[in-house]
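Below is one structure; the comments refer to it alone.
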Amino acid sequence: MNSSDIDVLLREGEGLRVEFKSSFDNKVIETLVAFANTSGGSVLIGISDDRKVSGVTINHESVQNWLNEIKNKTSPALVPVVESLEYNMKEVIVFSVTEYPIKPVSTRSKYLKRIANSNHLMTTDEIANEHLRTINSSWDYYTDPDHGIGDVSLEKVKTFMSRIEQHTGNMIANNPIEFLAKLEITRRNQMTFGGFLLFARDYCLISDLQIVRFKGESTIIDSISLNTDLFTEAEEVFNFIRKHLMVEYIFTGEPQRTERFDYPPEAIREIIMNMIVHRDYRDSSGSIIKIFDDCIEFFNPGRLTGGITVNDLVSGNYISRCRNKLIAKAFKEAGLTERYGSGISRILNICKNHGIVPPAFEEIYDGFRVILYKNKLNVIEDVTVNVTVNVTEDVTVKRAEALLNIIRQDPSANIDEMAKKMEVNRRTILRDLEKLKRAGKIRRAGSDKYGYWELI
């Protein structure tokens with residue numbers, strides 16, 4: 001770095017990788033930690049927040065003392081690159097760090113990350129995920145202190161081995177115990193969290209999943225609660241949903257009639273597999289599937305990982321980071337899922353080929369939700385203020401106008417406020433908002449909790 005670089009930084013101001021400090025203190029160390037936990041950066045000492053260069057008056061021994069303090073107050077110890085630069089006859093000290101290979105880094109028991117031009121405390125989940133990424137592992141590879149070999153079914157393991165043999169065409173020579181060790185499903189003769197989830201003999205508390213079939217808004221006509229191994233769970237979930245699908249028979253002149261379901265079973269199976277593989281099993285809440293007359297909602301604990309947004313997910317502009325590497329590998333080896341990170345694109349293509357509108361993907365509360373609609377693609381859903389025809393289902397022109405007016409008057413209005421003003425329930429508002437989004441009339445800016453609506 002030289003004086004010309006400082007000119008550029010002064011013009012651009014503080015940001016993701018740059019911060020100014022008038023003097024050295026603990027805030028400098030905190031910023032270096034935040035840089036190390038994200039994408040690296042530099043702290044320039046001798047420049048105030050308002051970009052005035054005051055400089056510092058120090059000697060080599062002072063700089064060395066600062067370096068020692070940084071090293072002693074960080075874990076793992078940070079040793080930044082230090083530069084002394086002259087700018088307008090004043091001395092500026094620059095401490096620079098790259099993204100640290102061993103994360104997360106802390107200072108005085110504080111874990112921070114850099115967002116835009118400020119430091120933010122990391123959540124417990126972020127701290128855990130950074131640690132797991134550093135050791136190229138995931139939670140499901142850790143040994144389960146509460147369950148051992150006796151808590152899993154070796155018959156289920158044998159079934160899994162048979163599935164792999166059928167999928168790959170290769171015979172497995174190992175016995176079930178040896179096989180579990182070979183795939184690191186057991187480690188040092190101890191069962192992993194992932195292993196117990198995959199092959200639980202009986203009741204599995206943390207695999208809790210509930211499915212409810214509603215008639216209308218709130219009348220339950222069928223339900224099931226599952227606490228079993230993940231392979232069994234995947235099949236039982238699919239069978240329950242399939243039981244509630246509507247089917248029409250298409251006669252093409254051929255001897256065999258063709259079945260057509262209101263929802264594509266292939267998309268449902270793909271969503272189920274994604275739910276099971278990518279769920280955050282450390283969360284105490286369970287997965288919930290709600291089947292309504294006009295849509296199916298799939299909710300999973302755990303938001304998107306690795307900084308991926310919903311827009312990234314839908315566009316395919318992301319690199320997949322798997323939350324449960326062991327579980328994902330097991331499902332892939334058994335031929336139940338394909339290559340990592342391709343599930344969303346397959347779901348979208350299946351729905352398009354089936355002739356229904358794209359599903360909705362959204363982060364909600366501390367989880368992720370997929371809504372699968374049965375609406376046909378060829379149904380025109382024009383919900384502008386001046387349109388009085390071609391508005392389908394229960395999204396009437398009157399209600400669309402009312403909802404748009406609420407957003408126009410108060411872009412930050414939440415779902416409950418909208419429902420109260422329009423005298424309808426939350427689900428009706430959520431459905432109408434989704435249809436307005438698909439019609440290109442509104443979009444959501446920011447998070448569910450702190451964001452707002454924009455008219456397009």
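The values are calculated or read from the model by the stated rules, or taken from the named source; none is laboratory data. Everything numeric here is computed off the predicted structure, so don't read it as measured data. Cβ sites come from the backbone with ideal geometry, for glycine too, and all protein chains shown count toward neighbours.
Taking the conditions (1) without any contact (Cβ under 8 Å) to a residue 40 or more places away in the chain; (2) under 30 Å from Arg426 (Cα atoms) in turn, Glu235 satisfies each one other than (2). Checked against (1) at pLDDT below 95; (2) assigned to a strand (DSSP E or B), Ile211 passes all but condition (1). Candidates are the residues of segment 141-159 that are among the charged types (D, E, K, R) and assigned to a loop (DSSP other than H, G, I, E, B); the one that is surrounded by the fewest Cβ atoms within 10 Å (Cβ to Cβ) is Asp146.
Just to check your reading of the model, which residue among Ile102, Ile93 is in a loop (DSSP other than H, G, I, E, B) and aliphatic (A, V, I, L, M)?
Ile102
When segment 68-81 is filtered for residues that are loosely packed, with under 14 Cβ neighbours inside 10 Å and of a type in the set (Ser, Thr, Tyr), nothing remains.
Given the options Ser62, Ser84, name the one that is in contact with a helix residue (DSSP H, G or I) (Cβ under 9 Å, 6 or more places away or on another chain) and either closer than 19 Å to His131 by Cα or surrounded by fewer than 22 Cβ atoms within 10 Å (Cβ to Cβ) (or both).
On the way: Ser62 fails: in contact with a helix residue (DSSP H, G or I) (Cβ under 9 Å, 6 or more places away or on another chain).
The match here is Ser84.
All conditions in (1) closer than 30 Å to His131 by Cα; (2) touching a residue at least 12 places away in the same chain (Cβ under 8 Å); (3) of a type outside the set (D, E, K, R) hold for Ser48, with the sole exception of (1).
Only one entry in Gly307, Gly316, Gly302 is under 23 Å from Lys329 (Cα atoms), surrounded by 13 or more Cβ atoms within 10 Å (Cβ to Cβ) and within 15 Å of the chain's Cα centre (by Cα), namely Gly302. Selection over segment 419-436 of residues that are without any contact (Cβ under 8 Å) to a residue 24 or more places away in the chain and within 21 Å of Cys295 (Cα to Cα) gives a count of 3. Considering segment 375-456, there are no qualifying helices (runs of 4 or more DSSP H) wholly inside with 2 or more residues that are of a type in the set (Phe, Trp, Tyr), modelled with pLDDT of 80 or more and within 25 Å of the chain's Cα centre (by Cα). Does Ile177 satisfy the condition of being surrounded by 15 or more Cβ atoms within 10 Å (Cβ to Cβ), aliphatic (A, V, I, L, M) and either outside any loop (DSSP other than H, G, I, E, B) or not assigned by TED's automatic domain parsing to the domain that holds Lys332 (or both)? When the stated conditions are applied, Ile177 does not pass them. From the list Ser39, Ser109, Ser118, the one residue that fits, being of a type in the set (Gly, Ala, Ser), farther than 24 Å from Arg303 by Cα, surrounded by fewer than 16 Cβ atoms within 10 Å (Cβ to Cβ) and not assigned by TED's automatic domain parsing to the domain that holds Arg323, is Ser109. Evaluating Ile288 against the criteria (1) in contact with a helix residue (DSSP H, G or I) (Cβ under 8 Å, 6 or more places away or on another chain); (2) touching a residue at least 40 places away in the same chain (Cβ under 8 Å) leaves one unmet condition, (1).
Out of the residues in segment 180-197 that are assigned to a loop (DSSP other than H, G, I, E, B) and in contact with a strand residue (DSSP E or B) (Cβ under 9 Å, 6 or more places away or on another chain), which is surrounded by the fewest Cβ atoms within 10 Å (Cβ to Cβ)?
Of segment 180-197, the ones assigned to a loop (DSSP other than H, G, I, E, B) are 183-185, 188-189.
The next check asks that each one be in contact with a strand residue (DSSP E or B) (Cβ under 9 Å, 6 or more places away or on another chain); those that pass are 184-185, 188.
Working: Glu184: 15, Ile185: 23, Arg188: 6.
It comes out as Arg188.
With respect to the conditions (1) at pLDDT 90 or above; (2) closer than 30 Å to Val105 by Cβ; (3) part of a helix (DSSP H, G or I), His167 falls short on a single one, namely (2). Buried (at least 16 other Cβ atoms within 10 Å of the Cβ), aliphatic (A, V, I, L, M) and in the same structural domain as Phe298 (by TED's automatic domain parsing), is that true of Ile164? Criteria not met by Ile164. In segment 246-265, of all residues being of a type in the set (Ser, Thr, Tyr) and under 39 Å from the mean Cα position of the chain (by Cα), the one that is modelled with the highest pLDDT corresponds to Tyr263.
Do we find that Thr98 is more than 27 Å from Asp366 (Cα to Cα), surrounded by fewer than 14 Cβ atoms within 10 Å (Cβ to Cβ) and not assigned by TED's automatic domain parsing to the domain that holds Ile185 in this structure? Yes.
Total residues in segment 55-90 satisfying the condition of being touching a Ser or Thr at 6+ places or on another chain (Cβ under 6 Å), assigned to a strand (DSSP E or B) and of a type outside the set (S, T, N, Q): the figure is 2. I'd like the full set of residues that are closer than 24 Å to Thr134 by Cα and surrounded by 21 or more Cβ atoms within 10 Å (Cβ to Cβ), limited to segment 12-29. Within segment 12-29, just Ile29 meets the criteria.
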